[in-house]
Amino acid sequence: MPTILAIESSCDETSAAVCVDGQILSNFIANQTVHEQYGGVVPELASRAHMQHIVPVVDAALAQAFPTLQTPGERLQKLDAIAFTQAPGLIGSLLVGTQFAKSLSLSLNRPLIAVHHMQAHVLANLIGEERPTFPFLCLTVSGGHTQIVLARSPLDLEVIGETIDDAAGEAFDKSAKLLGLPYPGGPLIDKYAQEGNPLAFKFAEPQIPELNFSFSGLKTSVLYFLQKQEPGFIQENLADICASVQHTIISILLRKLKKAVQQTGVRQVCIAGGVSANSGLRKALQEAGAKHGWKTFIPKFEYCTDNAAMIAITAYHKYQAGQFSELSVGPTARAEW
Ligand code: KG4
Ligand code: ZN
């Protein structure tokens, strides 16, 4: 019955979660609003905000998990292991969580578990009652990554397709920026798209081989399209443009997902990552599931975007397998799978 504290600090969310025997008892997330005015995450500011947030966030996660224990010291004594996101991410952000986890591991004399952020996004699907059995496919779509993963077991995950340039989240955010929407624009495109016609405007879909994706052409295509229009066009057609951009991104994603099902014969299909919060993608996945006979899974919203619960569930499986890290371990910005 391992009790694990997990810390996530790879980008601009500081999060801590406690998991007992694979059950999530708490999952606290502090968002950083400081980046909005700059139109993207500013690494230096992200590190500083992690420094401010990490103690209160860890405190809150422990307090919710062990409500009958009075002091932080008593709560910390309940832990069997400390887990943290080791890669990939912004190095200054990763350093804060890594050092905090290592210090706790050293002072409490408990094992340390290093977790890969992208593997954790996939395993977020194992949180809760409704979960896939192995093998399953997972489309992981976030601000930094777009991957199709074949999961054979919790610790046997293979990337079978990925983006060759921008991530799906970047396609949302960069298109939103061209429309004059603030960062991160993905949720706003989702919101306006709900009132618009997805077939109003047509944007080119790239022809990329195998199970890989490309999204950089979409941004250029939206840019050229907007440059040709009269002043006031965006304001008058915002919902239709958003719906059409979203429709194109979802169509690119679903086409490759269908191909992955055909190639692997695996019919349990999950999504994960920040973009899996998109209402159009969630609907499209369910419709594709109904049409093609797939069993589909979507994590709860709080486990889609960056969170420590997914780090905790991954750490639980690594604990069972005896996969611990040395105290000399450090973060890496880019990590091979
Ligand atoms: O997984 P995540 O929280 O952080 C990364 O690891 O990147 O993903 C953030 C990305 C951003 O690009 C954001 O715009 C996008 O997820 N996103 C959405 C929605 N909610 C978040 N994109 C489209 N529709 C949404 N509802
Ligand atoms: Zn992420």
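Out of curiosity, is TYR183 hydroxyl-bearing (Ser, Thr, Tyr), within 14 Å of ligand 1 (Cβ to nearest atom) and over 18 Å from GLY39 (Cα atoms)? Spell out how you get there, then give the answer.
Details: hydroxyl-bearing (Ser, Thr, Tyr): yes; within 14 Å of ligand 1 (Cβ to nearest atom): yes; over 18 Å from GLY39 (Cα atoms): no.
No: the conditions fail for TYR183.
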Single residue of THR314, THR248, THR264 found to be modelled with pLDDT of 95 or more, within 16 Å of ligand 2 (Cβ to nearest atom) and either in contact with a Pro (Cβ under 9 Å, 6 or more places away or on another chain) or aromatic (Phe, Trp, Tyr) (or both): THR314
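Output the residues belonging to segment 274-310 that are in a helix (DSSP H, G or I) and more than 16 Å from ligand 1 (Cβ to nearest atom). It would help to see each step written out before you state the result.
Filtering segment 274-310 down to residues in a helix (DSSP H, G or I) leaves 274-277, 279-292, 301-304, 309-310.
Within segment 274-310, GLU287, ALA288, GLY289, ALA290, LYS291, HIS292 qualify.
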Residue among LEU106, LEU112 that alone is open to solvent by 30 Å² or more (accessible area, probe 1.4 Å) and either of a type in the set (D, E, K, R) or more than 16 Å from ligand 2 (Cβ to nearest atom) (or both): LEU106
Pairs with Cβ under 6 Å, 6+ apart, first in segment 64-76 and of a type in the set (S, T, N, Q), second open to solvent by less than 80 Å² (accessible area, probe 1.4 Å): GLN64/SER26
Residues of segment 193-225 satisfying the condition of being farther than 13 Å from ALA171 by Cβ and in a helix (DSSP H, G or I): ALA193, TYR224, PHE225
Looking only at segment 253-268, and only at residues there that are in contact with a Phe, Trp or Tyr (Cβ under 8 Å, 6 or more places away or on another chain) and part of a loop (DSSP other than H, G, I, E, B), the one that is farthest from ligand 1 (Cβ to nearest atom): ARG267
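Checking the conditions here, which among ILE271, ILE234, ILE313, ILE250 is open to solvent by less than 10 Å² (accessible area, probe 1.4 Å) and either of a type in the set (S, T, N, Q) or assigned to a helix (DSSP H, G or I) (or both)?
ILE313
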Subset of segment 4-46 [within 16 Å of ligand 2 (Cβ to nearest atom), assigned to a strand (DSSP E or B) and within 30 Å of LEU181 (Cβ to Cβ)]: GLU8, GLU13, THR14, SER15, ASN27, ILE29, ALA30, ASN31
Filter result for ILE91 (touching a Pro at 6+ places or on another chain (Cβ under 9 Å) and open to solvent by 50 Å² or more (accessible area, probe 1.4 Å)): yes
Some residue of segment 46-63 being closer than 19 Å to MET1 by Cα and touching a residue at least 40 places away in the same chain (Cβ under 8 Å): yes
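The values are calculated or read from the model by the stated rules, or taken from the named source; none is laboratory data. As the structure is a prediction and not an experimental result, all values here were calculated from the model. Reconstructed Cβ throughout: ideal geometry from the backbone, glycine too, with neighbour counts over all protein chains shown. Surface areas here come from the heavy atoms of the whole protein model, side chains and all, with no ligands, DNA or RNA. Shrake-Rupley method; radii C 1.70, N 1.55, O 1.52, S 1.80 Å.
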